[in-house]
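Let me begin by presenting the structure, written as structure tokens, before commenting on it.
The values are calculated or read from the model by the stated rules, or taken from the named source; none is laboratory data. Only a predicted model underlies this, so the values are computations on that prediction, with no experimental measurement involved. Ideal geometry is used to build each Cβ from the backbone, glycine not excepted, and the neighbour counts take in all protein chains shown. Just so you know, the surface numbers come from the protein's heavy atoms only, side chains and all, with ligands and any DNA or RNA stripped out. Shrake-Rupley method; radii C 1.70, N 1.55, O 1.52, S 1.80 Å.
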Amino acid sequence: MIVFRLIGESLRFAFDAIRQNKLRTILSLLGITIGIFTIIAVFTAVDTLRNKLQESVDKLGSKTIFIQKWPWGGFGDYPWWKYMNRPEPSPRDYEQLQRRMENAQGITYEAAAQNRVIKYRSSSVEGATIWAASSDFDKTWSFELQEGRYFTENESKSGTPICIMGAEIAEGLFGNSPAVGKQVKVMGRRVTVVGVFKKEGEDMLGMSQDKNVLIPINFAKGLFDIRNERYDPQITVRGNDNVSLEEIESELQGLMRSIHRLKPGQEDDFALNKTTILSNQLDTMFSMVKIAGWVIGGFSILVGGFGIANIMFVSVKERTNIIGIQKSLGAKNYFILLQFMFEAIILCLLGGLLGLLFVFLFTQVFTHLLDIEIILDIANIVLGIGISVVIGSLSGFYPAFSASRLDPVEAIRS
């Protein structure tokens, strides 16, 4: 009961202080409000952006490995000169892996021709990507079709002039009419549309099938040199679900070294890229942004803490005679201490809640007016409240301690 009594009295004193000295209290709480707003706003924005980017990364698949010439990264001391003379992944590498790999549910050889024009009669769509892939593309990449079907094994092997196109290209060429069965011109060749990818919209990494045109790799050999570096050839391997990524990577590395006839101790002449590389880079980048948010918001909270301490010293001064009367009636030191501690914490909580309210309004503006979905996570709300409690405890302790040590006779005389 004494705890509830203390909280009740502390609430009354805190609201009395706000009511009697509105401007002084608001100015003092402003530091806490700005600090909490800065930290939680930065964390909320970072978490939202991080989740959006991670969703894009997850599209690549957690058990998917990309065999490429260049390793992912390219930041800081990137030794690009070591990778310049590496060979591009070749169809021979793909064929050998397909024959020898045990822990793969799908292996594809892929190449892409960027910024091409797709034509249908008098209509045309620019900026399309011609994506050439072998038959296991539906096993190594996740996608849905809104119309039509995927290639058959025979169509892929024989290089039949067919394609699956993105939703944006289909809309640009055919409007609302069906696309399947119609013939379009792709790099000067007539190609029959057999399917349309479901519309995805562009994600944070710019990955989307909406402006892609997928053709069989054997048909693409007659359109462009699929081994040329300008077309970014790569081999995509998706491992079995019941096998760890490390085991898949280890098997793949051993097979590639064997296919390229590399001697023991000789450095790999290929890169095995995986989504964990991107995830680790995202973690590093966003952790630095969060540190910056702590630094910027920390200064405001520090100033706000001094403001709360100042209010509490003034409050102790104004209520010295009341403290003397309470102690003369038998109030213990800890009762006085907790009374002022609760008051400081409540004042900080008010500032923190105000800061969280501003963050919530900030998320609503971005979500509804700018069409950018930002979510105030419960973890960030708890963090904001926790910081407020800690600052209130630290800034209120010494004034509360000094109040609890007052001599009751001297306090009543004052």
- Note on the structure: When (1) open to solvent by less than 40 Å² (accessible area, probe 1.4 Å); (2) in a helix (DSSP H, G or I); (3) more than 21 Å from residue 25 (Cα to Cα) are applied to residue 344, the one that fails is (3)
- Message: Any residue at all in the range 361-369 that's loosely packed, with under 13 Cβ neighbours inside 10 Å, modelled with pLDDT under 80 and within 45 Å of the chain's Cα centre (by Cα)?
- Response: yes
- Query: Which condition does residue 262 not pass, out of (1) in contact (Cβ under 8 Å) with a residue 24 or more places away in the chain; (2) aliphatic (A, V, I, L, M); (3) over 30 Å from residue 37 (Cβ atoms), if it passes all the others?
  - Reply: (1)
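Of everything in the range 138-153, what is in contact with a Ser or Thr (Cβ under 8 Å, 6 or more places away or on another chain) and more than 11 Å from residue 214 (Cβ to Cβ)? Give them in sequence order.
Within the range 138-153, 139, 140, 153 meet the criteria.
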- Task: Being within 25 Å of residue 236 (Cα to Cα), among the basic types (Lys, Arg) and either touching an Asp or Glu at 6+ places or on another chain (Cβ under 9 Å) or assigned to a helix (DSSP H, G or I) (or both) narrows it down to one of 257, 261, so name that one.
- Result: 257
- Message: Can you tell me which condition residue 227 does not meet? The list is (1) open to solvent by 60 Å² or more (accessible area, probe 1.4 Å); (2) free of Cβ contacts under 8 Å to residues at least 40 places away in the same chain, and all the others hold.
- Response: (2)
- Scan the range 28-45 and give yes if some residue there is open to solvent by 20 Å² or more (accessible area, probe 1.4 Å), modelled with pLDDT of 80 or more, under 20 Å from the mean Cα position of the chain (by Cα) and within 30 Å of residue 201 (Cα to Cα), otherwise no. yes
- Note on the structure: Quick count over the range 105-126, residues being open to solvent by 30 Å² or more (accessible area, probe 1.4 Å) and not basic (Lys, Arg), is 9
- Task: Restricting attention to the range 87-104, report how many residues are open to solvent by less than 60 Å² (accessible area, probe 1.4 Å) and closer than 14 Å to residue 156 by Cβ.
- Result: 2
- The condition of being modelled with pLDDT of 85 or more and part of a helix (DSSP H, G or I) holds, among 302, 357, only for 357
- Task: Of all residues in the range 371-389, count the ones that are surrounded by 17 or more Cβ atoms within 10 Å (Cβ to Cβ) and not in a helix (DSSP H, G or I).
- Result: 2
- Task: Identify all residues within the range 100-131 that are more than 18 Å from residue 196 (Cβ to Cβ), assigned to a strand (DSSP E or B) and in contact (Cβ under 8 Å) with a residue 60 or more places away in the chain; write none if there are none.
- Result: 104, 105, 106, 107, 108, 109, 110, 111, 112, 113
- Task: Just one of (1) free of Cβ contacts under 8 Å to residues at least 40 places away in the same chain; (2) closer than 21 Å to residue 394 by Cα; (3) of a type in the set (A, V, I, L, M) trips up residue 303, so point out which.
- Result: (1)
- Query: What do you reckon, is residue 192 among the β-branched types (Val, Ile, Thr) and either surrounded by fewer than 16 Cβ atoms within 10 Å (Cβ to Cβ) or assigned to a helix (DSSP H, G or I) (or both)?
  - Reply: yes
- Which of the residues that make up the range 9-24 are open to solvent by less than 70 Å² (accessible area, probe 1.4 Å) and either among the aromatic types (Phe, Trp, Tyr) or modelled with pLDDT of 75 or more (or both)? 13
- Message: Condition check: farther than 30 Å from residue 47 by Cα, in a helix (DSSP H, G or I) and either open to solvent by less than 20 Å² (accessible area, probe 1.4 Å) or of a type in the set (Phe, Trp, Tyr) (or both). Does residue 396 satisfy that?
- Response: yes
- Just for the range 285-327: of the residues that are among the hydroxyl-bearing types (Ser, Thr, Tyr) and more than 16 Å from residue 348 (Cβ to Cβ), which one is least open to solvent (accessible area, probe 1.4 Å)? 320
- Query: Of the residues 142, 177, 135, which single one is without any contact (Cβ under 8 Å) to a residue 60 or more places away in the chain and either assigned to a loop (DSSP other than H, G, I, E, B) or among the hydrophobic types (A, V, I, L, M, F, W, C) (or both)?
  - Reply: 177
